Amino acid sequence: MKKMLMALALAGAALPAFAPAAAQQLPPAVIVLVDLAEMIDTSAAAKAAAVELKPKADALQSRLGTLRTSLQAEEKTLRDTQPQQGAPQAAVQAWQAKVVEFQNRQQQAEQEVQRRQQEIETSRQWIIKQINDAAQPIIGQIMRERGATIAMDERATLQHTPAVDITADVIARLDKALPKVSITPPAPPAAPAPAAPAPAAPPAAPPRR
């Protein structure tokens, strides 16, 4: 028993001792905040773009009102002229054909409105992207000036002191760097041309006799 304990003691003494590595000391986080929604909404570029985009939005609202008035009047006419029970079959069929035409016009109107709404929304997203892309290097520059290591959206915080909010500084520099943006998004890339069909295989040789 004593020999076994002695052997274990010697084995333990033979193992090298490893000191725990010192934990790497990270610098304390220095945070700055930017109200991204305010930056986009109140920037000079966004205000100028809103002025350019307003005629499109107004035209859509006007068109929507015209379509609604026309379709409501047509729907009322159809209700008022619906054949009564026992009416001639020809009259019923003629009325049903008018209902189908009305439904087609209604569907076309909905598609038109959706298409124009999508065009406006696509323009808005393009405006936001241009402003956001231009703001990123400005935010980075202010971070370096203040020795900040993290930039966050101000609306993602619960509480903060005004000293860490750099929104006004970002907007001031952004207005100088990007006073105006385009409201016309770039055209989507063209679809690739379909691959050419493979050449037809040559006809098989007739078997030898």
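From P189, P207, grab the single residue that is of a type outside the set (K, R), under 23 Å from the mean Cα position of the chain (by Cα) and at pLDDT below 95. The conditions single out P189.
Scanning region 71-93 for residues that are farther than 29 Å from V113 by Cα and in a helix (DSSP H, G or I) gives Q89, A90, A91, V92, Q93. Taken together, the criteria place I138 among residues that are surrounded by 16 or more Cβ atoms within 10 Å (Cβ to Cβ) and out of contact with any Gly (no Cβ under 8 Å at 6 or more places or on another chain). Going by the structure shown, is K176 at pLDDT 95 or above and either in a loop (DSSP other than H, G, I, E, B) or touching a Ser or Thr at 6+ places or on another chain (Cβ under 9 Å) (or both)? Criteria not met by K176.
No other residue among W126, W95 is in contact with a Ser or Thr (Cβ under 7 Å, 6 or more places away or on another chain) and of a type in the set (F, W, Y) apart from W95. Taken as a whole, the structure places A19 among residues that are farther than 23 Å from A172 by Cβ, of a type in the set (G, A, S) and at pLDDT below 80.
The values are calculated or read from the model by the stated rules, or taken from the named source; none is laboratory data. Just so it is clear, the structure is predicted and the values come from calculations on it, not from any experiment. In this analysis, Cβ positions are derived from the backbone assuming ideal geometry, glycine residues included, and neighbour counts consider all displayed protein chains.
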